[in-house]
Structures are given as structure tokens and as C-alpha cells.
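Student: Questions regarding the structure given below will be posed in turn.
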Amino acid sequence: MVFPKSLFLSTLLILIIPFCFLSQTEIEIPIDKRVDDLLSKMTLEEKIGQMNQYNGFWNVTGPSPKEGNAKEKYDHLSKGWVGSMLNVRGANEVRAVQEIAVNESRLGIPLIIGFDLIHGYKTISPIPLAESASWDLEAIKKSAAMGAKEAAAAGINWTFAPMVDITRDARWGRVMEGAGEDPYLGSLISIARVQGFQGMDLSAPFTLAACAKHFAAYGFAESGRDYNTVDIGENTLHNMVLPPFKAASDAGVKTFMNSFNDLNGIPATADKNLQRTILKESWGFDGFIVSDWGSLKEMIDHGYARDENHAGELGINAGSDMDMESYIYLNEIESLLKENRIKIEQINDAVKRILKVKFELGLFDDPFKYCDEEREKKVTGSEEIRAGVLDMAKKSIVLLKNEGNVLPLKKKGQKIALIGPLADDKNSPLGNWRIAAENNSAVSVLEGMESYAENEIIFSQGVKLVNSIPAFHEEVQINTTDKCGFKAAKKAAKKANVVVMVLGEYGFQSGEGRSRTKLDLPGFQQELLEEVYKVNPNIVLVLMNGRPLVLNWAEGHIPAIVEAWHLGTESGNAIAEILYGDYNPSGKLPMSFPRSVGQMPLYYNYKNTGRPGANGADAGSVFWSHYGDEKNSPLYPFGYGLSYTTFEYSEIELSSNSLSMNSKIQASVVLKNTGNFKGKEVVQLYIRDHFASSIRPVKELKGFELVELKPGESRKVTFAIDAELLQFYSARKTWEAEPGAFSLFIGSNSSTKRMVDFELN
Ligand code: NOJ
């Protein structure tokens with residue numbers, strides 16, 4: 001084909017002309033070069049400034065930033081002594097601080113604006129533990145992307161999420177913020193969240209830099225008490241704790257946050273092995289590490305740093321790049337350099353990492369790209385985002401019990417007693433970490449149920465909520481002194497065909513600093529449940545909580561139990577849709593639910609002892625690993641969850657029972673929907689490595705597939721097994737697969753016994 005000359009010229013012009021109007025920086029000067037050029041112009045003070053992060057300090061529509069407490073921070077901003085701020089939000093507010101940094105400081109370096117976007121910004125999605133119960137990676141990614149879109153429109157360009165801490169102890173309040181107890185599921189969710197927040201293009205106006213936290217082992221706080229010491233060996237660290245962090249790093253997460261805890265005697269903030277050797281050197285992480293809030297200073301309380309000066313030295317040497325609200329880098333780095341206790345190369349490296357992320361976000365090209373008030377108005381609470389959080393909420397619900405098919409409820413002609421302190425609560429469903437949400441902005445279960453069907457709803461709180469002191473985001477608590485609502489609740493239950501009870505934890509009962517020693521229904525709720533049961537046992541128990549609870553009595557008596565977590569803004573609508581059967585629950589537990597607090601820490605992927613009992617224990621023998629007053633097993637195992645339909649699994653078919661180091665074998669089952677509803681099942685693959693250089697867990701999740709089937713429909717589900725899937729951190733301190741005997745399990749939760757054996761040669 002001949003290319004016409006005139007067409008050639010015009011095509012050439014179309015390609016060339018735009019570049020004539022671009023500055024040199026915009027024509028693809030590599031970011032590393034732009035970073036180096038800028039660094040070469042910076043004074044030491046300005047470099048230190050980039051490593052300093054401040055909390056928000058004034059309301060731009062309120063008192064002047066040049067007065068009072070705010071004055072010092074204002075001065076620092078204008079001198080270029082601040083690289084980042086957190087908790088400044090709103091397009092207008094962020095513009096105000098950014099203007100000082102960009103227009104008043106010598107080099108005009110823009111700020112990176114951080115915020116705890118944990119599960120939605122103003123429109124709240126389910127708490128991360130709940131989202132993890134969906135096992136739906138696409139949905140989780142989409143949920144993070146929606147949150148990013150809303151937050152980015154409000155000026156934010158960096159979220160302190162995802163929290164990828166593996167956690168086995170439901171006493172720890174922050175289990176609500178993670179993906180639960182399993183490193184395989186946790187790693188995939190870690191990737192989904194990073195991809196959701198950061199998108200394909202970090203410089204796009206609706207994506208944010210993500211932050212994998214808390215590095216590392218914060219979820220293993222002794223006795224589940226937040227901030228407590230962590231003492232775990234290399235085996236647990238590498239096989240359980242680090243994989244989701246490695247996954248985030250491989251997925252290109254831009255930042256890491258270190259943690260408050262000490263790990264085997266060394267505060268994580270000063271842990272050179274973690275931050276420099278493992279993260280930056282071995283994994284090749286090229287983003288930056290921010291300290292947790294004041295964690296540099298807290299090393300003094302830990303008894304690790306002598307004073308602030310020493311804390312600064314420890315932090316820099318360990319590779320902590322940015323100081324969140326300790327002022328230590330700002331005050332100490334200069335003298336540390338003079339005394340040769342840290343090196344200028346370390347400072348240059350930290351500053352380069354921070355600047356690189358700012359360049360990648362496109363902040364140097366347009367520092368105000370997140371500060372468009374019109375966009376903020378349009379995006380905040382948009383229909384698209386509300387529909388997204390509703391969809392995620394439905395996918396997060398786990399059906400724990402449904403005896404006699406109490407659920408789904410009939411849509412007409414029913415008298416429903418709706419009972420419980422959380423049934424009409426519009427604040428608790430938002431859960432913890434919902435800083436930007438309006439108080440009481442969730443759809444309550446009462447509202448959701450009333451608008452959904454044509455039944456008569458008789459509402460009674462039973463146990464009241466009381467305001468807590470000091471109030472925080474209208475924090476309430478479940479009252480522990482007043483049972484006067486019991487009478488009305490029982491009266492309502494007596495008249496009803498079915499009772500729906502909404503019980504659990506108030507929104508702030510889990511989260512940071514919210515550890516508990518009891519895991520039962522707080523306050524008088526258990527007593528209320530038992531009293532109502534006496535007058536009408538036809539109860540659907542809807543649970544709202546941020547962590548696994550002890551539900552033995554309910555499991556023994558209540559016919560239907562729905563785990564609805566803290567589901568966010570659309571909570572009541574999602575719950576109503578599930579209860580009426582227009583959405584078939586498909587969630588599976590990402591954490592084991594205990595029978596007793598005394599079982600903590602409890603997890604499915606435990607190691608056998610030399611005295612595991614099981615079939616081997618002699619009846620009446622006491623000398624095996626067990627409790628005298630409770631079973632070892634959980635009440636509901638990891639991976640457990642029911643559906644309104646039923647599924648049948650075939651036996652496992654294995655393509656070969658011999659695998660070599662560089663071959664693959666296939667394991668398949670046929671799954672059939674044997675019930676009356678269309679439904680989704682999470683088909684789960686577990687593997688057991690029978691003998692190894694260091695002991696392997698009795699079972700480990702190694703694959704899963706979310707399968708949707710119509711009634712009567714079947715599908716073959718196949719998993720590929722290769723040596724890489726069998727790798728672990730061995731006694732030789734390396735990731736490898738060791739030859740030997742394995743078992744492979746496929747089923748609907750971690751307690752499945754459907755099994756075949758194979759060998760790795
Ligand atoms: C302390 C928390 O541990 C951390 O997760 C959070 O990101 C920071 N505070 C900032 O709010």
C-alpha cells in the first residue's frame with residue numbers, strides 16, 4: 001500500500017506538535033534523573049524536611065494557621081521542613097497546605113498527603129476482615145479502587161493500607177483491619193488491595209500510593225494485647241508473617257509502615273534485618289518506609305533507645321525513611337551526621353525514595369491535581385460508589401447456621417420482631433477506622449428491613465446503647481447495667497412468627513487499642529438472647545462484630561446465625577437482601593471462631609505435637625496435647641460458611657501421584673449444586689507436607705476457586721500442583737520444596753477430610 005504524502009505529513013504533525021508545547025520535564029525525563037537533579041539542589045535542612053511527617057494541625061476555615069500551635073508547623077512547611085502531612089483532608093484543606101509547600105518553600109517540593117483509608121473514605125465499605133470473608137479478589141480490588149477514587153477526590157494521595165498483618169488471636173482488636181489468619185489468602189488479598197489502591201497508573205488523579213503495614217509481626221502481639229511484645233522464631237516469621245508483605249512488595253506497593261511492637265527484643269522501627277536486609281536488599285523494595293505514629297520516640301519507652309538522639313540514630317541505621325510525628329529526624333539528624341553516627345548516603349537514599357514516589361504520583365507535574373472541589377462534590381457518595389459498597393457488603397456476609405431453612409424469610413404476611421441494641425444503630429455498622437464518614441450515616445438493619453418487604457416489623461432494642469465517655473465519633477457502648485428493655489423485647493418476640501436479633505460489638509469495640517479478654521456477646525446481650533429464646537425460639541441471629549466471637553450457646557440453640565460483621569454504609573440494605581434470599585450468602589470465614597477464649601491463639605494451620613491425640617490418644621489418657629475442659633477444634637473452622645443451596649463434591653481425581661521438581665500434576669473435583677438456589681461456593685485446596693527439615697503445618701491453603709452454579713448444575717474444578725507451590729522456608733533458611741510424602745485435600749473449609757496422597761521426587 002502506498003502511504004499518501006499529505007496524509008504522512010499531517011500524521012507527522014499530529015505526532016510532533018503536542019511535544020512543542022511540553023516542557024522538558026514532561027517529555028519523559030526518567031524519574032530517577034529528575035530525583036537526582038532535585039536532590040543535588042537540596043540543602044541538608046531540606047533533605048531532612050522530606051523525612052518529616054506532620055499530623056494535620058488546623059482547620060483552614062477556622063483559626064489562622066499562622067497563630068497558636070499551628071504556627072510552628074506553618075513555619076516549617078514554608079521552610080521546606082515537611083515532606084508529608086497526614087489527616088489533612090478535603091480538596092480545599094489539602095490545597096491550603098500544598099500551597100504553602102509549593103509556593104512558599106524555596107524548592108516548592110509538594111507534600112504527599114497520607115490518610116488511613118482503611119475501608120472507604122466517606123462512603124464506608126465493609127471492614128477489611130469482612131471483605132476478606134468474600135474470598136472474591138476482584139471484588140476486594142474494586143472496593144479498594146472505589147475508596148481510592150473517593151479519597152483522591154478529597155485531596156488524599158497516599159493511604160496507610162492495606163494492613164497485611166497475619167493474626168491468630170481474636171483478642172487483638174486490629175483483626176478487623178486485616179485478612180485473617182492465613183498467609184496464602186492474606187497474600188492474594190494484599191495484592192488485590194495494593195492493585196486496587198494504586199491502579200495501573202499511579203499518576204492518574206483517582207489512584208493513591210498504598211502502604212503495606214505493619215512491618216512486621218504486629219499481629220502476633222503477646223496475649224492479643226495491642227502494642228505488646230512479639231516473640232516468634234524465624235520459622236513463623238518467614239512462613240506466616242512475611243509472605244503477604246513480600247506479595248505487596250512484588251505487586252509494586254509504594255510504601256511500607258513499620259510497627260510499634262518489638263520483635264524478639266528489637267523494636268521493628270530499629271530492625272535493620274527486617275527493613276534493610278530483607279525488605280530493601282533481598283526483596284528489592286524501592287519505595288520508602290514510614291514509621292508508625294511516634295514509633296521512633298516510643299523506642300525510649302521500650303527501653304531500647306537512650307534518648308531521642310539515639311532513637312534517631314537507630315531509626316536511620318535501620319532504614320526507617322520517614323518520621324511520623326516524632327520530630328526526631330527534624331531535631332536530631334544534623335547532629336547525628338556531625339558525630340558520624342549516621343551517613344549522608346543514608347539520608348540521600350531515604351530522600352530519593354520519598355521524592356521518587358512523589359514524582360510517580362505526578363505531584364511535581366501538578367501538585368493540585370487532587371484538589372478539585374467540583375470533582376470532590378461529584379464523586380463523594382456517588383451512586384457508583386454506594387452500589388460498589390453494597391455489592392461488597394453482600395459478598396462479605398457468612399451464613400454460619402441455617403437449621404430447618406429458617407432463612408430466607410418470607411416476604412409477606414409475617415410478623416417479625418426485630419430485637420437488639422445494634423438493630424437500629426446507624427453508627428456501629430461503620431466499624432472502626434471510618435475517620436471521614438459522617439456519624440450515624442449507615443443504613444441500619446431496621447431501615448433496611450422496613451423498606452425491603454411487606455412484613456410487619458416490631459422493633460425493640462432489648463439492651464440499650466449508652467454514650468461512652470469520652471465520646472469519640474459519637475462512640476457508644478453496650479449498656480451493662482440496665483435490663484429494663486427485656487420486657488418489651490420478649491413481648492415483641494411472643495407476637496412474632498420469627499425473631500431477628502441483631503447483636504454483637506459496637507463499632508469501636510474492635511480496632512486499634514481495642515483488645516478484649518472476653519469474646520462473648522458483650523453486656524447483657526447473651527442474657528437477652530436466652531430470655532427471648534424462652535418465649536420464641538424461632539430466631540435468626542444477625543451478628544455485627546469486628547472479630548471472631550465465642551458463640552457456643554447460640555450454635556447449640558439458635559436455628560439461624562448470620563455473620564454480618566461491620567458492613568459499612570449500606571449495611572442494613574445488604575443484610576435485608578440476604579435475609580430475604582435475594583442474595584445467596586457465599587462468604588467463608590477468614591479466621592477460626594473459637595469455642596473459648598482459652599484456645600487463643602487459634603488457627604487451622606497449626607503444627608502437630610509429638611502427642612497430637614486424635615485417634616492415637618487412649619481413652620482416659622491425659623498425656624496428649626489437649627484441654628481438660630474444652631475441645632481443641634474451633635467452633636467454626638477457617639474457610640467455613642454455608643449457602644441457601646447445598647453443594648456436593650466428588651472424590652478427588654489426581655492426574656498422577658508422583659510429582660517431580662519440574663513437572664506439574666492436576667487435582668480435580670466435580671462440584672454439583674444439589675439444592676434449590678443458584679449459589680457460589682469457594683472450593684478450597686489444602687496441602688500437607690508430612691516430613692520436612694522443619695515441621696510443617698497439618699494443612700495449608702494452597703488454592704481456591706469461587707464457583708457459581710445454578711440448581712442441578714455441575715462443574716469440574718482443577719488445581720495445578722507444582723514444586724513451587726510446595727515451597728516453604730526450610731531449616732536451611734531458604735525457600736525450597738523438599739522431596740517426600742504429601743497429602744492434598746479439596747473441600748468447602750479447612751476441616752475437610754477429602755484427601756489423596758502424592759509424592760514429590
Ligand atoms: C497508628 C496506627 O498503628 C497506624 O496503622 C496508622 O496508620 C497511624 N496511626 C496513622 O493514623
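The values are calculated or read from the model by the stated rules, or taken from the named source; none is laboratory data. Since we're looking at a predicted model, the values are computed, not measured. So basically every Cβ, Gly included, is an ideal-geometry build from the backbone, and we count neighbours across all protein chains shown. Heads up: the accessible areas ignore ligands, DNA and RNA and are worked out on the full protein's heavy atoms, side chains in. Shrake-Rupley method; radii C 1.70, N 1.55, O 1.52, S 1.80 Å.
Student: If you take all C-alpha pairs in the stretch 527-650, what percent of them are over 19 Å apart?
Tutor: 61 percent
Student: Looking only at Cα atoms, what is the convex hull volume of the stretch 145-238 per residue, in Å³?
Tutor: 102 Å³
Student: Treat the stretch 388-590 as a sphere of radius equal to its Kirkwood radius over Cα pairs and apply Stokes-Einstein at 25 °C in a medium of 0.890 mPa s; give the translational diffusion coefficient in µm²/s, rounded to a whole number.
Tutor: 148 µm²/s
Student: Under a plain spin-label model, where a point goes 7 Å from the Cα along Cα-to-Cβ, how far apart in nm are residue 456 and residue 555?
Tutor: So the label points at residue 456 and residue 555 sit 3.7 nm apart.
Student: Next question, about the same structure. Where in the stretch 351-392 does the amide nitrogen come within less than 18 Å of the point 7 Å from the Cα of residue 34, taken along Cα to Cβ?
Tutor: 351-371
Student: Continuing with this model, one more query. So if I average 1/r over every pair of distinct C-alpha atoms in the stretch 645-760 and take the inverse, what Kirkwood radius in Å does that give?
Tutor: Answer for the stretch 645-760: a Kirkwood hydrodynamic radius of 14.9 Å.
Student: Cross-link partners among lysines for residue 246, C-alpha distance below 19 Å, same-chain residues fewer than 8 apart left out?
Tutor: Cα-Cα hits under 19 Å: 141, 213, 254, 272, 280, 702, 733.
Student: What relative contact order, as a whole-number percentage, does the stretch 298-337 give when Cα pairs under 8 Å and 6 or more residues apart are counted?
Tutor: Relative CO of the stretch 298-337 lands at 38 percent.
Student: Using protein chains only and a probe of 1.4 angstrom, how many square angstrom of residue 79 are accessible, to the nearest 10?
Tutor: Taking all protein chains as shown, residue 79 has close to 100 Å².
Student: Where only protein heavy atoms count, and the probe is 1.4 Å, what is the accessible area per residue for the stretch 531-634 in Å²?
Tutor: Dividing the accessible area of the stretch 531-634 by its residue count gives 37 Å².
Student: Next up: Consider a paramagnetic label point 7 Å from the Cα of residue 484 along Cα→Cβ; state which residues of the stretch 501-545 have an amide N under 19 Å from it.
Tutor: Counting only backbone N, you get 524-525, 528.
Student: Also, I was wondering about something else. Provide the solvent-accessible area of residue 187, counting protein heavy atoms only and rolling a 1.4 Å probe, rounded to the nearest 10 Å².
Tutor: About 20 Å², ignoring ligands and nucleic acids.
Student: Using a probe radius of 1.4 Å on heavy atoms only, what accessible surface per residue do you get for the stretch 645-760? Whole Å² is fine.
Tutor: Accessible area per residue: 46 Å².
Student: Which whole-Hz couplings ³J(HN,Hα) result when phi for each residue of the stretch 185-190 is put into the Karplus expression 6.51 cos²θ - 1.76 cosθ + 1.60, θ = phi - 60°, listed in order with x for Gly and Pro?
Tutor: My calculation for the stretch 185-190 gives 4, x, 5, 5, 6, 4 Hz in order.
Student: Once fully extended, how much extra length lies between residue 658 and residue 733, figured as 0.36 nm per residue of separation less the alpha-carbon to alpha-carbon distance?
Tutor: Once the chain is fully extended between residue 658 and residue 733, it gains 24.4 nm.
Student: Would you pull out the residues with amide H under 5 Å of residue 602's amide H, same chain only if 5 or more places away, H placed 1.01 Å from N?
Tutor: The list, which skips near neighbours in sequence, is 170.
Student: Right, next: In the stretch 388-590, what percentage of the DSSP-assigned beta bridges are antiparallel, given to the nearest 5?
Tutor: 25 percent
Student: Can I ask one more? Step through the table entries 518/753; 410/678; 122/411; 47/338, compare each Cα-Cα distance with 23 Å, and write down the pairs that go over it.
Tutor: From the list (518/753; 410/678; 122/411; 47/338), the Cα-Cα distance tops 23 Å for 518/753; 122/411.
Student: If you average the sequence gap of Cα pairs under 8 Å that are 6 or more apart and divide by the length of the chain, what percent do you get for the contact order?
Tutor: Relative contact order here is 12 percent.
Student: How large is the dipole of the stretch 282-347 about the Cα centre if only Lys and Arg carry +1 and Asp and Glu carry -1, each at its Cβ, rounded to the nearest 20 debye?
Tutor: Here the size comes out at about 220 debye.
Student: Defining a contact as two alpha carbons under 8 Å apart and six or more residues distant in sequence, what relative contact order in percent does the stretch 419-463 show?
Tutor: Relative contact order comes out at 53 percent.
Student: Using 0.36 nm times the number of residues separating residue 517 and residue 677, minus their current alpha carbon distance, what extension gain do you get?
Tutor: Here the segment from residue 517 to residue 677 would lengthen by 53.6 nm.
Student: Of all beta bridges DSSP finds with both residues in the chain, what is the antiparallel percent, to the nearest 5?
Tutor: Counting DSSP beta bridges with both partners in the chain, the antiparallel share is about 55 percent.
Student: For residue 483, which lysines qualify as cross-link partners when the Cα separation must be under 19 Å and same-chain residues fewer than eight apart are set aside?
Tutor: Qualifying lysines at Cα under 19 Å: 464, 491, 494, 534.
Student: Please state the charge dipole magnitude for the chain, taken about the Cα centre, from unit charges on C-beta atoms (+1 on K and R, -1 on D and E), reported in debye and rounded to the nearest 20.
Tutor: Charge dipole of the chain: 1480 debye, to the nearest 20.
Student: Ratio of the chain's C-alpha Rg to 2.2 N^0.38 Å, to two decimals?
Tutor: Expressed relative to 2.2 N^0.38 Å, the Cα Rg reads 1.01.
Student: Also, I was wondering about something else. Of all the C-alpha pairs in the stretch 346-406, what % are more than 13 Å from each other?
Tutor: 77 percent
Student: Label points 7 Å out from Cα along the Cβ direction at residue 138 and residue 741: separation in nm?
Tutor: 4.1 nm
Student: Compute the distance in nm between two label points, each set 7 Å from the Cα along the Cα-to-Cβ direction, one at residue 668 and one at residue 705.
Tutor: Label-label distance for residue 668 and residue 705, simple model: 0.8 nm.
Student: At a Förster distance of 45 Å, what's the computed FRET efficiency of residue 99 paired with residue 582, Cβ-Cβ distance as r, to 0.05?
Tutor: The computed FRET efficiency comes out at 0.35.
Student: Roll a 1.4 angstrom probe over the protein heavy atoms and tell me the percent of accessible area of the chain that is carbon or sulfur.
Tutor: Here carbon and sulfur together make up 51 percent of the probe-accessible area.
Student: Can you give me the Cα centroid spacing of the stretch 534-613 and the stretch 253-272 in angstrom?
Tutor: For the stretch 534-613 versus the stretch 253-272, the Cα centre distance is 33 Å.
Student: For residue 409, enumerate residues with amide H under 5 Å from its amide H, sequence gap 5+ or separate chain, H modeled in the peptide plane.
Tutor: 580, 581
Student: Compute the helix-to-body angle for 525-535: its Cα long axis versus the longest principal axis of the chain, expressed 0 to 90° and rounded to tens.
Tutor: Its long axis makes an angle of about 30 degrees.
Student: Using a 1.4 Å probe on the protein heavy atoms only, what accessible surface does residue 359 show? Give it in Å² to the nearest 10.
Tutor: Estimated to the nearest 10 Å², residue 359 gives 20 Å².
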